[in-house]
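Read the structure below first, then the notes.
The values are calculated or read from the model by the stated rules, or taken from the named source; none is laboratory data. Just so we're clear, the structure is a prediction, and the values are computed from it rather than from any experiment. Positions of Cβ are backbone-derived with ideal geometry, glycine not excepted, and every protein chain shown enters the neighbour counts. The area values use the complete protein model at the heavy-atom level, side chains included, leaving out ligands, DNA and RNA. Shrake-Rupley method; radii C 1.70, N 1.55, O 1.52, S 1.80 Å.
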Amino acid sequence: MIVQDNIPFAIRHFAPAQLREALRKMHLIRLFEEGAEESYMRGLIHGTMHLSIGQEASAVATCMELTDADKITSTHRGHGHCIAKGADVGRMFAEFFGKETGYCHGRGGSMHIADVKTGNLGANGIVGGGLPIAVGAALTAKRLGRDDVTVCFFGDGANNEGAFHEALNMAAIWKLPVIFVCENNKYGMSTPATYATAVPNIADRAAAYSMPGVTVDGNDFSAVAEALHIAIARARAGEGPSLVENLTYRWRGHSKSDRNRYRTKDEIEDWMSRDPIARFRAELIAHGVLDAAGAEAVEAEAKQAVADGVEFAKASPAPGIADVTKFVHAEEAA
Amino acid sequence: MNAQTQITEVTPSGETREMSYAEAIRDAMAIALDRDPTVVLMGEDIGTYGGAFQVTLDLIDRYGPDRVMDTPISELGGAGVAVGAALTGLKPIFEFQFSDFAALAMEQIVNQAAKLRYMLGGEAAVPVVFRMPAGSGTGAAAQHSQSFEAWFGHVPGLKVVQPSTPEDAKGLLLAALADPDPVIVFEHKLLYKMKGQVPTGYYTTPIGKAAIRRTGSDVTIVASAIMVHRALEAAAKLAEEGIEVEVIDLRSVRPIDRDTIIASVKKTGKLLCVYEGVRTLGVGAEISALIAESEAFDYLDAPIQRLGGAEAPIPYNPDLERAAVPQKADIETVARRLAKGEV
Amino acid sequence: MPTEVIMPKVDMDMATGTLAVWHVAEGEAVKKGAALFDIETDKAAMEVEAPASGILRQILAQPGQVVAVGSPVAYLYAEGEAVVALPAETPSAAPAVVAVAAPAAAPAAPAATPSQTVAQVANGAADLRATPVARRLAREAGLALSNLLGSGPRGRIQRADVETALARREAAALAASAPVFAPAVQAAPDEWTAQPGDLHVTTRKGTGTPLVLIHGFAADSTGWMALERALPRDLPLIRIDLPSHGRSPLRRLSGFADLAKTVVQVFDRVAEGPVHLLGHSLGGAVALAVSDIRPRQVKTLSLLSPAGLGPEIDGAALNGIARASTADSLAPWLKRLTARPDGISHDYAKAAMLARIDPDLRAAQQEWAQVLFPDGVQAFDLTAALERVTAPTLMIWGRDDRILPWKQALAAPGEVALHLLRGVGHVPHMEDPDTVAALLGRHMK
Ligand SMILES: Cc1ncc(C[n+]2csc(CCOP(=O)(O)OP(=O)(O)O)c2C)c(N)n1
Ligand SMILES: [Mg+2]
């Protein structure tokens, strides 16, 4: 019994295959972003991108219990959410390379990555842009009598947008099946959450909207999964929204143009020593879900997927210039 | 004597110095902070980070966090705080990280800042400046690349300027700050690195006055922001073919310099408007209409032409992105056809 | 009494006007001097002001209707004034509607592939396209846009087209007053009426059978001025500007037959009943061809130094005139036209050059020279036609003609009356208009 109690929630709750898949996705996110970063530096990718390296547990654990019918709204830092929700990295790379085979047919790029078929309603260039949209998606589920839920990812910076407050209030008064997941990585761009936000924890704000709010270690896969398990159950039971705050950290700069003048090297290194992937992997090995060789194989699989994805993207065609106004409106019936 | 409202003169030295467009804006803000204690800078990440485009770099070190204020990511609230502060005696320069995010603050800009003086029968003033990095060309896609000048140009009570050179970037910003009413300054992201000679010290560039950047007798191009440079390149190319293009830098969308445009069109009889905002209902529509309504109409020798942004959001793919806004080659082609009477 | 609102005459040579638009609706009040309606003449659109204050009633002409000058188009009544019935019998009551302007048929594409410079579409009044500045310049100068060629897309008249036309008009006026061939006085301008159609045709009213005049290569109708003075005042005249000449549209030519066909079409329209026909040089050849094709329409035929009667021609002079782009390069060739070269002053050459200022016109005429006179040879032979002509024919030739040798006159059959003038070159109607007029007068009797 004592042993049982020491086993983390995730190990108890999910089948080994699910856990293995979770580890694969976390590796996939890391490798995908490293690959994207490299391609960016080689000039293959246009614009900018926001990497979530260091935040993989938050993305994957949050999406653990979601099906394709469940929705997420994502953020500018959304690659992890997209992969966690089941997207194909080949089509993601293709999007980054501006190709017609990309998820947005080359129109959106990194900041608008989406996969509507797996329930990802899209990353967002507007901080806080997804918050009310998630509430709308939850309203649909409730009105149409479906039991799917919506997870709304947002950052610590976004919780100071008016949209955050308006959205949480409506979700609460209408008891909508939505879970607000704040990925508190301590900074909104360069601005510390401690400076920009009047309360110590974002989750404290839940009280203002009469919903449960919890703060968890966002680099602890199991802790996140457990918090979401409770919130999702509550949402599916028709009891309304919850706010979950995942404390985490982005290893890289805010975007590709960050000069890192607001964080210390020590702070970054400290957080790098709390790598969520290494931690989860060690946990799986410790609890016998995988052995070291098995974990290596999982990582190798992810590596292969990334390599294949880049090849697919490179070989894909670019959209035609004449189609610059395509997708502005519904296409005329042929 | 209230020290808070005392203006310290920073006289122009008569000298110029090479500066980038971003440096010129920073210089203007530093001068403003030096000469007027009521000036405050507000915006997201304008402190230590130096702003998304590094325009406010180091200002926090020189003036401290009370005058260079990082705001939370709260555009509506932040802009509104700036409006309220301006209404009561401060002179805020509020930076939107990207002009696109002004959409979140539309309420405070359009319903409040623009109208307060009027609604209160002239009893109140809102001398606020909103700085807005705008335009495409950086691969930032649909929500970070827009050109909203026509949106704000549509609102009585606002003034809207679009500097195209480092000198004007500084002079127009200082003019905006000296103006008793709200002024929106659109800064083109692709111009931040552009260098030019900039007068040192304090000076203002008049709002509402266009600049003739090149004289010519065959075709008038009225362009704004980055398009001025594309038009000038096209004009240089056309000059080799014997086509003399007059390039007018609009500089101010509201108020618009009717006289300069009308005089030029009366001279050339041909007008091409080049602007980055979406072509339909854009700045070029206003310029075309003012010519059609003016005495210059009787001097037109060809249909007025507009080159503007595509009827689409700015796409991510770089080739599509280029195709979505006028490029030098487009300007050259249309101006040539106009000059040759082929339009 | 209601005030009559009429179609006013607003232009020298205006007989009718098209009512374009009413600015005031029937039953509405209007103040004296306010814009009441617009008219379109063949020159320009124009606003007509209300002749009195009152209420507009009894609109007789609708937009698009062509109304004779002086006809009533509506009446203005005072407030409360009883409306009187329109005197239906009185001819002036109903507007003299000439025609309802119909959109002109699309101009037929020329058979030859049009070159950018030559193939241009003449502007019909109904679908006239002109830029605002072209309209303004034409309006200010009293120039009929419908007579102009548009060099812009879809035949749009642009500033340059009007300027060219104005330069030509000015040159023509100068030429007319030039000391050499023309008398000092200019014709009263309202003597002439422009006729709508494919070619520029001007007519002068008079009594009796009209005389149709066809000018020579690189000339135009204004060249007849001296002869017109010498002819009886009441002789009705019809002057045709050949294509690519004077104020007619520029047109490519496939050969002489093409030219003859074009002129016959115009001739059919302008000559109602048999006419006297006179042509000079290339115009003489055309007149001869017209007489051959329409024998019953030609009462008498007169030919001044006609082309088409032999191979020789001074090709260098023709090309030189067609090509010359300055007065200095034109003058030496002009001197070849006359037996008195000193009469060609520099001012005269300048004026003549102004009339040819349009580079497109010159290019077109150079092409014509290639087609009609390749290698300096007359490529068409009308001696057989001259044999067939039934109308009494008069031929006048200068003995000092250096363009077409007078000996070609000997190709004429015996019935042709032949006059060889001494001390006269290639342009007898300019060099000795009185003699030419006298001979014509006798011939046409
Ligand atoms: C409305 C709006 N304001 C500002 C920005 C610029 N911006 C993009 S991301 C970002 C920081 C967001 O911080 P946070 O919500 O904590 O997300 P994180 O980047 O830390 O993941 C800012 C200011 C934006 N995209 N949208
Ligand atoms: Mg953050």
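Of the residues in the range B:65-77, none is open to solvent by 40 Å² or more (accessible area, probe 1.4 Å), under 20 Å from the mean Cα position of the chain (by Cα) and within 13 Å of chain A (Cβ to nearest Cβ). Only one of the listed residues (A:Asp204, A:Asp275) is without any contact (Cβ under 8 Å) to a residue 12 or more places away in the chain, more than 15 Å from ligand 1 (Cβ to nearest atom) and surrounded by fewer than 22 Cβ atoms within 10 Å (Cβ to Cβ). That residue is A:Asp204.
Listed by position, the helices (runs of 4 or more DSSP H) enclosed by the range A:34-97 that each have at least 1 residues that are touching a strand residue (DSSP E or B) at 6+ places or on another chain (Cβ under 6 Å) and away from ligand 2 (no atom under 16 Å from the Cβ) are A:79-84. Inside the range A:169-187, can you point out the residues that are more than 14 Å from ligand 2 (Cβ to nearest atom) and buried (at least 18 other Cβ atoms within 10 Å of the Cβ)? Passing the criteria: A:Met170, A:Ala171, A:Ala172, A:Leu176, A:Pro177, A:Val178, A:Ile179, A:Phe180. When the residues of the range A:246-270 are filtered to those that are in contact with a Gly (Cβ under 7 Å, 6 or more places away or on another chain) and open to solvent by less than 30 Å² (accessible area, probe 1.4 Å), the one that is nearest to A:Glu183 (Cα to Cα) is A:Asn246.
Taking the criterion of being surrounded by fewer than 24 Cβ atoms within 10 Å (Cβ to Cβ), touching a helix residue (DSSP H, G or I) at 6+ places or on another chain (Cβ under 6 Å) and under 11 Å from B:Ala210 (Cβ atoms), the only residue of the range B:247-260 that qualifies is B:Arg258. Can we say A:Pro177 is within 16 Å of ligand 1 (Cβ to nearest atom) and away from chain B (no Cβ under 14 Å)? No; evaluated as a whole, the condition is false for this residue. Here C:Trp397 fulfils each of the conditions (1) modelled with pLDDT of 95 or more; (2) touching an Asp or Glu at 6+ places or on another chain (Cβ under 7 Å) apart from (2). Of all residues in the range C:296-318, those that are surrounded by fewer than 24 Cβ atoms within 10 Å (Cβ to Cβ) and either of a type in the set (Gly, Ala, Ser) or modelled with pLDDT under 90 (or both) total 4.
Counting only residues that are crowded, with 24+ Cβ neighbours inside 10 Å and away from ligand 1 (no atom under 16 Å from the Cβ), which one in the range A:139-168 is farthest from the other protein chains (Cβ to nearest Cβ)? In this case the residue turns out to be A:Val149. When every residue of the range C:225-236 is checked against the conditions, none turns out to be within 25 Å of C:Ala385 (Cα to Cα), open to solvent by less than 40 Å² (accessible area, probe 1.4 Å) and touching a helix residue (DSSP H, G or I) at 6+ places or on another chain (Cβ under 6 Å).
Quick grid of which residues meet (1) under 30 Å from A:Glu161 (Cβ atoms); (2) in a strand (DSSP E or B); (3) at pLDDT below 95:
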{"site": "B:Arg17", "(1), (2), (3)": "no, yes, no"}
{"site": "B:Ile25", "(1), (2), (3)": "yes, no, no"}
{"site": "B:Ala28", "(1), (2), (3)": "yes, no, no"}
{"site": "B:Pro37", "(1), (2), (3)": "no, no, no"}
{"site": "B:Gly51", "(1), (2), (3)": "yes, no, no"}
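Evaluate the following for A:Gly129: is it under 15 Å from A:Ile202 (Cβ atoms), open to solvent by 10 Å² or more (accessible area, probe 1.4 Å) and touching a residue at least 12 places away in the same chain (Cβ under 8 Å)? In short, no. Look at the range A:216-230: where a residue is without any contact (Cβ under 8 Å) to a residue 60 or more places away in the chain and a partner is surrounded by fewer than 24 Cβ atoms within 10 Å (Cβ to Cβ) and in a helix (DSSP H, G or I), sitting 6+ places away or on another chain with Cβ atoms under 6 Å, you get A:Val216/A:Ala223; A:Asp217/A:Ala223.
Each residue in the range B:281-309 was checked for being within 13 Å of chain C (Cβ to nearest Cβ), open to solvent by less than 30 Å² (accessible area, probe 1.4 Å) and in contact (Cβ under 8 Å) with a residue 40 or more places away in the chain, and 2 pass. In this structure, B:Gly196 does not qualify as farther than 30 Å from B:Ile7 by Cα and either open to solvent by 10 Å² or more (accessible area, probe 1.4 Å) or of a type outside the set (Asp, Glu) (or both). Could you tell me whether C:Asp401 is open to solvent by 60 Å² or more (accessible area, probe 1.4 Å) and within 26 Å of C:Arg336 (Cβ to Cβ)? It is false that C:Asp401 is open to solvent by 60 Å² or more (accessible area, probe 1.4 Å) and within 26 Å of C:Arg336 (Cβ to Cβ). Beta carbons closer than 9 Å, at least 6 apart along the sequence or on distinct chains, pair a first residue in the range B:86-109 that is over 15 Å from A:Gly162 (Cβ atoms) and within 11 Å of chain A (Cβ to nearest Cβ) with a second that is assigned to a helix (DSSP H, G or I) and open to solvent by less than 40 Å² (accessible area, probe 1.4 Å) for B:Gln97/B:Glu75; B:Phe98/B:Lys189. In a residue-by-residue description of the range A:298-316, the property of being closer than 30 Å to A:His105 by Cα, assigned to a loop (DSSP other than H, G, I, E, B) and modelled with pLDDT of 95 or more applies to at least one position. Of all residues in the range C:318-349, those satisfying the criterion of being in contact (Cβ under 8 Å) with a residue 24 or more places away in the chain and either farther than 20 Å from C:His426 by Cβ or assigned to a loop (DSSP other than H, G, I, E, B) (or both) are C:Ala324, C:Ser325, C:Thr326, C:Thr338, C:Ala339, C:Arg340, C:Ile344, C:Ser345, C:Asp347. Being within 14 Å of another protein chain (Cβ to nearest Cβ), in contact (Cβ under 8 Å) with a residue 24 or more places away in the chain, buried (at least 24 other Cβ atoms within 10 Å of the Cβ) and within 16 Å of ligand 1 (Cβ to nearest atom) holds for only one residue in A:Ala123, A:Ala59, A:Ala94, A:Ala84, and it is A:Ala123.
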